[in-house]
Amino acid sequence: MNQQTERAWTEHRGEVLAFLRRRLPETAVAEDLTQDVFLRLHRAQPALEGPGAVRAWLLSAARNLLVDYFRSRRDHVPPADDLANPVDAAASLRQLEPCIGPLLARLPEPYRTALACDLDGLPQREIAHRQGISLAGAKSRVQRARVLLQRQFERCCDYVFDHDGALVGFTPRAGRSAG
């Protein structure tokens with residue numbers, strides 16, 4: 001087993017297995033398909049860069065194996081409703097979470113605080129109270145902060161999305177890291 005496959009197995013096996021178990025009627029089939037996913041990674045040895053690229057590749061391979069499995073059993077087992085897009089955009093964006101803090105720190109103060117509170121789940125009414133502004137002002141500040149943060153993300157990295165719009169990887173631009 002090569003290092004990439006071994007590291008991927010250690011870091012992502014549980015997530016791939018859970019992904020498949022939620023969509024399959026039998027645990028044994030999910031375990032078999034999980035092994036097939038990692039066998040494909042071992043055989044393909046794709047050149048994957050970025051902290052979330054291996055995870056995205058594995059989940060994509062799992063989805064493809066799952067579709068193949070249901071196709072082969074089309075007359076026996078109906079596919080789950082969520083197979084069309086099992087990796088939603090929000091889940092795929094979680095791989096960018098480590099970048100948020102450093103990029104958030106680059107925002108001007110009132111926007112940084114408003115967005116940090118919003119990301120922590122604080123209601124906008126409370127953000128308004130804490131910052132001594134109106135509710136409309138808080139909403140506007142949070143929206144503006146989101147736009148500024150998005151621009152920070154666009155400046156630091158190039159992103160790759162799949163045909164469903166889910167993030168599958170990103171590459172930092174030279175000299176423009178999130179940290």
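The values are calculated or read from the model by the stated rules, or taken from the named source; none is laboratory data. In this text the structure is predicted, and so the values were computed from the model without any measurement. Note that we place each Cβ from the backbone using ideal geometry, even for glycine, and neighbour counts take in every protein chain shown.
Conditions (1) in contact with a helix residue (DSSP H, G or I) (Cβ under 6 Å, 6 or more places away or on another chain); (2) modelled with pLDDT of 90 or more; (3) of a type in the set (Gly, Ala, Ser), marked per residue:
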position: VAL142; (1), (2), (3): yes, yes, no
position: ALA145; (1), (2), (3): yes, yes, yes
position: ASP158; (1), (2), (3): no, no, no
position: HIS163; (1), (2), (3): no, no, no
position: ALA166; (1), (2), (3): yes, no, yes
position: ARG176; (1), (2), (3): yes, no, no
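May I ask you to say which residue of GLN124, GLN150 is modelled with pLDDT under 90 and polar (S, T, N, Q)?
On the way: GLN124 fails: modelled with pLDDT under 90.
One residue alone meets the criteria, GLN150.
Close contacts from the stretch 121-144, counting a first residue that is closer than 16 Å to LEU107 by Cβ and a second that is modelled with pLDDT under 95 and acidic (Asp, Glu), with Cβ to Cβ under 8 Å and a gap of 6+ residues or different chains, come to ILE127/ASP118; VAL142/ASP118.
Looking only at the stretch 119-155, residues that are outside any helix (DSSP H, G or I) and either surrounded by 14 or more Cβ atoms within 10 Å (Cβ to Cβ) or under 26 Å from the mean Cα position of the chain (by Cα) (or both) come to 5 in all.
Given the options ARG7, ARG13, ARG23, ARG40, name the one that is modelled with pLDDT under 90, under 24 Å from PHE70 (Cα atoms), part of a helix (DSSP H, G or I) and of a type in the set (D, E, K, R). Going through ARG7, ARG13, ARG23, ARG40 in turn, just one is modelled with pLDDT under 90, under 24 Å from PHE70 (Cα atoms), part of a helix (DSSP H, G or I) and of a type in the set (D, E, K, R): ARG40. Would you call ALA47 of a type in the set (Gly, Ala, Ser), outside any helix (DSSP H, G or I) and free of Cβ contacts under 8 Å to residues at least 24 places away in the same chain? Spelling it out, ALA47 is indeed of a type in the set (Gly, Ala, Ser), outside any helix (DSSP H, G or I) and free of Cβ contacts under 8 Å to residues at least 24 places away in the same chain. Given the structure, is PRO98 out of contact with any Cys (no Cβ under 6 Å at 6 or more places or on another chain), assigned by TED's automatic domain parsing to the domain that holds LEU119 and at pLDDT below 90? The answer is yes for PRO98.
A search for C-beta distances below 6 Å between a residue of the stretch 86-105 that is within 19 Å of HIS12 (Cβ to Cβ) and any residue that is modelled with pLDDT of 85 or more and in a helix (DSSP H, G or I), counting only pairs 6+ apart in sequence or on different chains, returns PRO86/ARG63; VAL87/LEU59.
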